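First comes the structure, then the notes that go with it.
Just so you know, all these numbers are worked out from the coordinates, no wet-lab data involved. Since the model is a prediction, treat every value here as computed from it, not as a measurement. Glycine gets a Cβ as well: all are built from the backbone with ideal geometry, and neighbour counts include every protein chain shown.
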Amino acid sequence: MVLLDTIAAIASAPGRGAVGVIRASGPKVPHIAVAILACLPPPRMAQVADFLGGDGESIDRGLALYFPAPASYTGEDVLELQAHGGPLILDLLLKRLLELGCRMAKAGEFSERAFLNGKIDIAQAEAIADLIDAGSAAAARAAVRSMQGEFSRHIGTLQAQITELRTLVEAAIDFPDEEIDFLPGTALGERVAKLFMGFDAITDAARQGALLREGLNVVIAGKPNAGKSSLLNRLVGEEIAIVADQPGTTRDVLRQQVHVDGLPLNLIDTAGLRAADDAVEAEGVRRARSELRQADRVLYVLDAAVDARGPSNWRAELGDMPPGVPITLVFNKIDLIAAPASLDESCEPAQVFLSAKTGEGLGLLRSHLKRGAGYRSGESGALSARRRHLDALNRARACIARAAENWRSTRAVEFFAEDLRTAQLALGEITGEMTSDDLLGEIFRSFCIGK
Ligand SMILES: Nc1nc2c(ncn2[C@@H]2O[C@H](COP(=O)(O)OP(=O)(O)OP(=O)(O)O)[C@@H](O)[C@H]2O)c(=O)[nH]1
Ligand SMILES: [Mg+2]
């Protein structure tokens, strides 16, 4: 793929800093380097140089690095200038690069070129963005693993196993009259079982990674005055939300992120659910309901003193919850009835008894949230991944399950082959072999400029 444009961008964060980095990539780089530095620096060696303006005056003095193609991040000729990190200096240098024939890089365009030139695949490119955005050490570690290609290698192994299976099946299609049974039922069963084990292992690692990256959306909902805002404050460890005796205190949706053992919880406190007369409160209730639809888990807060007497006190309220969202009943205010903190995950919905006021039972709630999300703390081998990756993995797995099932019942080789092919296409979306231009654009435009 020939890309004729030479692109340039400030790669360091905006604002003042000791050092600011500006980079250019493309075919004009050697010519630009000579114009700015008065010579072409030796490849991959830091060179102290004056950065010259159009009038021959020095704009700054710093370090220049020249990476000739293809041994560079983008796979093209790349020039990196490390200047003093003042916004004005970096602006002047960028202007100079534009004068010399560069155009401004779009967000993620350096990485996009790295992808187009085969330096990295899409999953690796996404991991680079994830590393930059990582909110915890665990998330950063998962991103580094994927950036180094571990996730892609696992996908490659699955692809190879499916290809093997396809070869067998296609042999059966090509030589239908042969006596040999290319795919005896037992051998197929074993291969599919092995494939599924591979799928399960990588899906688990990817789910951990997606959790680390995106966190869990936990919506705190319930009747007015149940203690939702008190629970938010207690989980965060700060008085974020206003707490008051008066029902209908919270009207806006409040959001706060906390980490529990490395797992990001996106906590969302909402207005108490009731038929409000007041227009502002009614809008709060409408917003609360809209948050509920996007929840990964709802903490439905109840007053232990009133509602713990039996399901008739809360069953009807739950009918209002969006279908399919996991719910935990939180019986709050146990200090008022002198009940012990407890957690019961065997009932549906799960129930926690706690006190937002004293903090008793909060540990139970935290471990329940981690368990409910399938999160394992510590060195879990997580691989930075996104929901789109999990979705592709699930689709591929479903195709293989369907293929195996059809094969058992009909032994129609053509369908089997077709399902395997569809599974491979789905896996190909993860690494970018089969990704549409629209999706590529969407992925790279979410990057920073200069990356
Ligand atoms: N004793 C006791 N009181 C609590 C507890 N949690 C909350 N409260 C009290 O209950 C009242 C309501 O608390 P909030 O946290 O504002 O309740 P809320 O559910 O956010 O209420 P709205 O925003 O109005 O829907 C306040 O007076 C709190 O001090 C608890 O665990 N024990
Ligand atoms: Mg509140």
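Label separation (residue 69 vs residue 366): 5.3 nm, computed from points 7 Å beyond Cα along the C-beta direction. Here the relative contact order of the chain, from alpha carbon pairs under 8 Å that lie six or more residues apart, stands at 17 percent. Across segment 7-120, Cα pairs under 8 Å and at least six residues apart give a relative contact order of 32 percent. Were the residues from residue 387 through residue 287 laid out at 0.36 nm apart, the gain over their Cα-Cα distance would be 33.5 nm. Quick one: pull the percentage of alpha-carbon pairs in segment 7-120 with a separation above 16 Å. The answer is 55 percent, as a whole percent. Rounded to whole numbers, the Karplus 3J(HN,Hα) couplings from phi for segment 438-445 are 4, 5, 4, x, 4, 5, 6, 5 Hz, using 6.51 cos²θ - 1.76 cosθ + 1.60 with θ = phi - 60°, and x at Gly and Pro.
For the chain, take the longest principal axis of its alpha carbons; what is the angle in degrees between that and the long axis of helix 413-431, to the nearest 10 within 0 to 90? Relative to the chain, helix 413-431 is tipped by roughly 80 degrees.
Placing unit charges on the Cβ atoms of the charged side chains and taking the dipole of the chain about its Cα centre, the candidate lying farthest along the positive direction among 63, 110, 97 is 63. For segment 7-120, a crude dipole built from +1 on the beta carbon of Lys and Arg and -1 on the beta carbon of Asp and Glu, taken about the Cα centre, is about 260 debye to the nearest 20. Average 1/r across all pairs of distinct alpha carbons in the chain, invert it, and you get the Kirkwood radius: 26.1 Å.
Taking a Cβ cut-off of under 10 Å around residue 226, the surrounding Lys, Arg, Asp and Glu residues balance to a net charge of +1, with basic ones at +1 and acidic ones at -1.
A simple spin-label model places the labels of residue 294 and residue 277 3.3 nm from each other, with each point 7 Å out along Cα-to-Cβ.
If packing is taken as the mean number of other Cβ atoms within 10 Å per residue, what is the order of 108-114, 344-350, highest first?
Details: 108-114: 24.6, 344-350: 12.3.
The most tightly packed comes first, giving 108-114, 344-350.
A straight chain from residue 240 to residue 153 at 0.36 nm per residue would run longer than the Cα-Cα distance by 26.9 nm.
Charges were assigned to the Cβ only: +1 to each Lys and Arg, -1 to each Asp and Glu. The resulting dipole of the chain about its Cα centre is roughly 860 debye. Label point of residue 103 set 7 angstrom out along Cα-Cβ; within segment 421-451, amide nitrogens under 16 Å from it belong to 450. Here segment 304-451 was treated as a single set of alpha-carbon atoms; its pair distances binned every 5 Å from 0 give 2, 7, 11, 11, 10, 10, 10, 10, 11, 8, 6, 3, 1, 0 percent. Which angle from 0 to 90°, rounded to the nearest 10, does the C-alpha axis of helix 87-99 make with the longest principal axis of the chain? That works out to roughly 50 degrees. Determine, from the Cβ-Cβ distance of residue 214 and residue 320 and an R0 of 30 Å, the FRET efficiency 1/(1 + (r/R0)^6), rounded to the nearest 0.05. Plugging the Cβ-Cβ distance into 1/(1 + (r/R0)^6) gives 0.70. Across segment 191-349, Cα pairs under 8 Å and at least six residues apart give a relative contact order of 23 percent.
Pairs of lysines in the chain whose Cα atoms sit within less than 28 Å of one another amount to 18, provided the residues are eight or more positions apart or on different chains.
Taking the Cβ of residue 121 as the center, what net charge do the other residues with Cβ under 13 Å away carry, scoring Lys and Arg +1 and Asp and Glu -1? Walk me through the numbers on the way to the answer.
Numbers: positive: 119, 153; negative: 112, 126, 150, 429, 433.
Every neighbour counted, the sum reads -3.
At 222 nm, what value in deg cm²/dmol follows for the chain if DSSP H runs of at least 4 each add -39500 (n - 2.57) and the sum is divided by all its residues, to the nearest 500? Dividing the helical sum by the residues of the chain leaves -14500 deg cm²/dmol.
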